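The values are calculated or read from the model by the stated rules, or taken from the named source; none is laboratory data. All of these numbers come straight from a predicted model, not from anything done at the bench. So basically every Cβ, Gly included, is an ideal-geometry build from the backbone, and we count neighbours across all protein chains shown.
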Amino acid sequence: MSEIVDTVKPLALEICSREGYSLYDIEFVKGQNILRVYIDKEDGVDLEDCTMFSKGLNFLLDSEDPIETAYNLEVSSPGLERVLNERWHFEKQIQKKIKVVVKARTETSQKLGKKNLEGFLLKVDELAFDIRTLDSETLTLPFCDIHKCNVVFEGA
């Protein structure tokens, strides 16, 4: 489904550029035929932002018709507990609490002896990131060993 994402991405970026949003992520859920587009902006995204973005993107998608099958478009904010996929997602969350699920049967999971951990994101480089776990251990985790990572919202 990456070809659908690759086709939709420039259209979504066009709307983002014109309307002042940043494109956080795009995914196409095969089987359910859902195109999900996550947008963000400095002061947050509300329902009106999602509606306006959706209308603009729908217009371009109808004009270009890049998706051969019927689908539903969902536009939303990445949320407070946003998933971290790209290196720049991690870079924007330095010092925030994160939850990490490590892929099974990797050197990292074997060394840790567990797949799930929480801690504070300390540093990000090209291939890995550092986390200070809740028991104050500092670990370096390679991106390639991560199954899922997201921010943990800590209410005010």
Boolean, I98 is in the same structural domain as I34 (by TED's automatic domain parsing) and either within 14 Å of the chain's Cα centre (by Cα) or surrounded by 13 or more Cβ atoms within 10 Å (Cβ to Cβ) (or both): no
Selection from the stretch 35-54 of residues that are at pLDDT 95 or above and either exposed (fewer than 12 other Cβ atoms within 10 Å of the Cβ) or in contact with a Leu (Cβ under 9 Å, 6 or more places away or on another chain) (or both): L35, R36, V37, Y38, I39, D40, D46, L47, E48, T51, S54
The listed residue being closer than 30 Å to F120 by Cβ and among the small types (G, A, S), out of S22, S63, S17: S22
Residue in the stretch 136-143 that is within 21 Å of E27 (Cβ to Cβ) and touching a residue at least 24 places away in the same chain (Cβ under 8 Å) present: yes
Some residue of the stretch 32-43 being at negative phi and assigned to a helix (DSSP H, G or I): no
Leading residue by the ranking (modelled with the lowest pLDDT) among those in the stretch 55-78 that are outside any helix (DSSP H, G or I), surrounded by 10 or more Cβ atoms within 10 Å (Cβ to Cβ) and hydrophobic (A, V, I, L, M, F, W, C): I67
Which numbered condition Y24 fails, given (1) in contact (Cβ under 8 Å) with a residue 60 or more places away in the chain; (2) touching a strand residue (DSSP E or B) at 6+ places or on another chain (Cβ under 6 Å); (3) under 15 Å from P142 (Cα atoms): (3)
Residue that is farthest from L23 (Cα to Cα) [pool: residues in the stretch 79-112 that are among the aliphatic types (A, V, I, L, M), in a strand (DSSP E or B) and without any contact (Cβ under 8 Å) to a residue 60 or more places away in the chain]: V102
Hey, S63 of a type in the set (S, T, Y), under 24 Å from C16 (Cβ atoms) and in contact with a Lys or Arg (Cβ under 9 Å, 6 or more places away or on another chain) or not: no
Matching residues, the stretch 113-140, being assigned to a strand (DSSP E or B) and either over 24 Å from F153 (Cα atoms) or of a type in the set (V, I, T) (or both): V124, I131, T133, T138, T140
